[in-house]
1. Could you tell me whether residue A:63 is surrounded by 23 or more Cβ atoms within 10 Å (Cβ to Cβ) and of a type outside the set (A, V, I, L, M)?
2. May I ask you to say which residue of A:29, A:58 is more than 14 Å from chain B (Cβ to nearest Cβ), of a type in the set (A, V, I, L, M) and either over 26 Å from residue A:219 (Cα atoms) or crowded, with 17+ Cβ neighbours inside 10 Å (or both)?
3. Would the stretch A:239-260 turn up any residue that is surrounded by 15 or more Cβ atoms within 10 Å (Cβ to Cβ), without any contact (Cβ under 8 Å) to a residue 40 or more places away in the chain and not β-branched (Val, Ile, Thr)?
4. May I ask you to list the residues in the stretch A:108-126 that are more than 9 Å from every other protein chain (Cβ to nearest Cβ) and either surrounded by 15 or more Cβ atoms within 10 Å (Cβ to Cβ) or among the small types (Gly, Ala, Ser) (or both)?
5. I need a count of the residues in the stretch A:67-80 that are under 17 Å from the mean Cα position of the chain (by Cα) and either more than 13 Å from every other protein chain (Cβ to nearest Cβ) or part of a strand (DSSP E or B) (or both).
6. Can you tell me how many residues in the stretch B:201-214 are more than 8 Å from chain A (Cβ to nearest Cβ) and either over 17 Å from residue B:66 (Cα atoms) or buried (at least 23 other Cβ atoms within 10 Å of the Cβ) (or both)?
7. Which is on the phi > 0 side of the Ramachandran plot and modelled with pLDDT of 95 or more, of A:162, A:185?
8. Identify all residues within the stretch A:81-100 that are at the interface with chain B (Cβ under 7 Å from one of its Cβ atoms) and assigned to a helix (DSSP H, G or I); write none if there are none.
Amino acid sequence: MDDRLILALAGVTFRYPDAARDAVTDVSLAVRDGECVALLGPNGSGKTTLLRLALGLLRPAQGEAAILGRAAALWSRRELARLVGVVPQREETSFPLRVRDAVLLGRYARLSPWSGERPEDRAAVERALAQCDATDLADRWLTTLSGGEFQRVRLARALAQEPRALVLDEPTASLDVRHEMELFERVRALVDRERLAAVVITHQVNLAARFADRVLLLADGRAVGQGTPAAVLTRETVERVFRWPVAIEPFDDRPQMIPLRQPLP
Amino acid sequence: MKWLALIALALASLVCAVMLGPSHVPTAELFSSPIVRDLRLPRALLAFLVGGALGTAGASLQALVRNPLADPYLLGLSGGAGLGAVAAIALHLAGPWALPLAAFAGALGAMGLVYRLGLVGGAELDPRVLILAGVAVGAFAAAVTTALVSLSDATELRNAFLWLWGGLSGASWDTVRVMAIYTPLPLAVLYAAARPLDLLALGDEPARHLGADVERVKRRVYVAASLLTAAAVAVSGVIGFVGLIVPHVMRTLWGHHHRTLLPAAFLGGGTLLALADTLARTAIAPRELPVGIVTALVGVPVFTLLLRRWTTA
């Protein structure tokens, strides 16, 4: 038994009710601690569905999803929240919250329904804020934060869960270069120093290639390639999956993609 | 400090409700007067329990449907209760409990129907579908109610309508006892769901990621809040605005943590309704205003103020 193996998908297939085709077909993925895996692929290629399968939110029609060797569906949401911290793509702000209270929500799975917050919960919140360079934001209202600050706070909330794995769904979708780089550097540092496992869904092929140990490239719900960035991100594969001509140049020993210009028909 | 003030206010509202009334009772005779013992005290306690139930139900439903404008009647319960009450009168059901029981049954019927409709298209209670279902069921029940009224010539129907506007004149130690036994369970269910309600504000999937069993929380909150509201309607008619205004004021004072918000909404709702009922009894004594009119007359200006604060903030 591989006790470093945190998230494991083995040949999973899934189709949403009433859908014409499978959202995910026969995909396998293993994520260990101290490892960062990027999920790449065009819109609608099944990345988010794959994460839902990995986290037991959907049940595969075929194949198996396991977390720490136990079927994903058998974990309660509470147990899972102590193990995996997720930064979802979208969330709502129905009622105004201050940053510290928002991060405290990450402690939910470690609190009993009747007791108050313990000193260790407050300590975990402060630690998570510090790890995300968000201590100065603690007393601000969430609604007053910039996009980059907001993502830092959401990452802090996931860290307050004290998880063994982080899952980020398009965490830099609306960030500028500096905040985007900061976020990837931060996640990479957590993986290296704290030995967290990280799964990042992103459209940033080049950043995935530079920060991830492995990439899984999806197209139409199928795994087109999986392995080191250099092995997967070849010109032929990238052009076929994203249906656009590109050049691939090495930089820092990692493949970097440059989309080429092409007149529209 | 805030808590002390709120508790003091709650006690003061009860004292007010017991001391003031259309007939003068000297302070020395407060404890011996049958007016206080048999009329004012049970009525004050009932007002407090009903107001507390409405405040808590309103705060919980706002979190459930992620809409700060939700109130306990949003989900069609008032329409169902009204239909039940009017049907009981049209059918000449007799007995002191006929009207409250029929209203309670009507509210539960509406709750079941809205709940069933809320599950359409999946296993989850979608807030948007719930609100639409609530409005639809409420409108349907109101139409049937009006049809019943227009077909019947019973003079009691005027009373039914007045009763529907809310009133605590039916208060007795029996109704207080029933409410005191009935309300603790749904209240406890809502308090137990306070933390997951905080998470629900983020949306279903983010709440799941943080460890909330979203479906179960939603079902429990929906059923518990509806049961509280149905009981409140059954003993006192449709008292508007308490379940909307009180949670709002408490949200501005206590923030959005439901562990503190729900108890604050209970005390605040109880206080407001005890005071409003005192006003309803004394303002045009010896006649009474329906208490729902008092809460609306107080509630609407407060609500517009809140609305202005929001839009400027």
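The values are calculated or read from the model by the stated rules, or taken from the named source; none is laboratory data. Just so you know, these numbers come straight off a predicted model, no measurement behind them. As a convention, Cβ positions derive from the backbone with ideal geometry for all residues, glycine included, and neighbour counts pool all protein chains shown.
1. Working: surrounded by 23 or more Cβ atoms within 10 Å (Cβ to Cβ): no; of a type outside the set (A, V, I, L, M): yes.
Against the criterion (surrounded by 23 or more Cβ atoms within 10 Å (Cβ to Cβ) and of a type outside the set (A, V, I, L, M)), residue A:63 does not qualify.
2. On the way: A:58 fails: more than 14 Å from chain B (Cβ to nearest Cβ).
Of the residues listed, the single one that is more than 14 Å from chain B (Cβ to nearest Cβ), of a type in the set (A, V, I, L, M) and either over 26 Å from residue A:219 (Cα atoms) or crowded, with 17+ Cβ neighbours inside 10 Å (or both) is A:29.
3. Within the stretch A:239-260, one or more residues are surrounded by 15 or more Cβ atoms within 10 Å (Cβ to Cβ), without any contact (Cβ under 8 Å) to a residue 40 or more places away in the chain and not β-branched (Val, Ile, Thr).
4. Residues of the stretch A:108-126 more than 9 Å from every other protein chain (Cβ to nearest Cβ): A:112, A:115, A:117-126.
Within the stretch A:108-126, A:112, A:115, A:121, A:123, A:124, A:125, A:126 meet the criteria.
5. Adding up the residues that qualify gives 1.
6. The total comes to 1.
7. On the way: A:185 fails: on the phi > 0 side of the Ramachandran plot.
After applying the criteria, what remains is A:162.
8. Answer for the stretch A:81-100, where residues must be at the interface with chain B (Cβ under 7 Å from one of its Cβ atoms) and assigned to a helix (DSSP H, G or I): just A:81.
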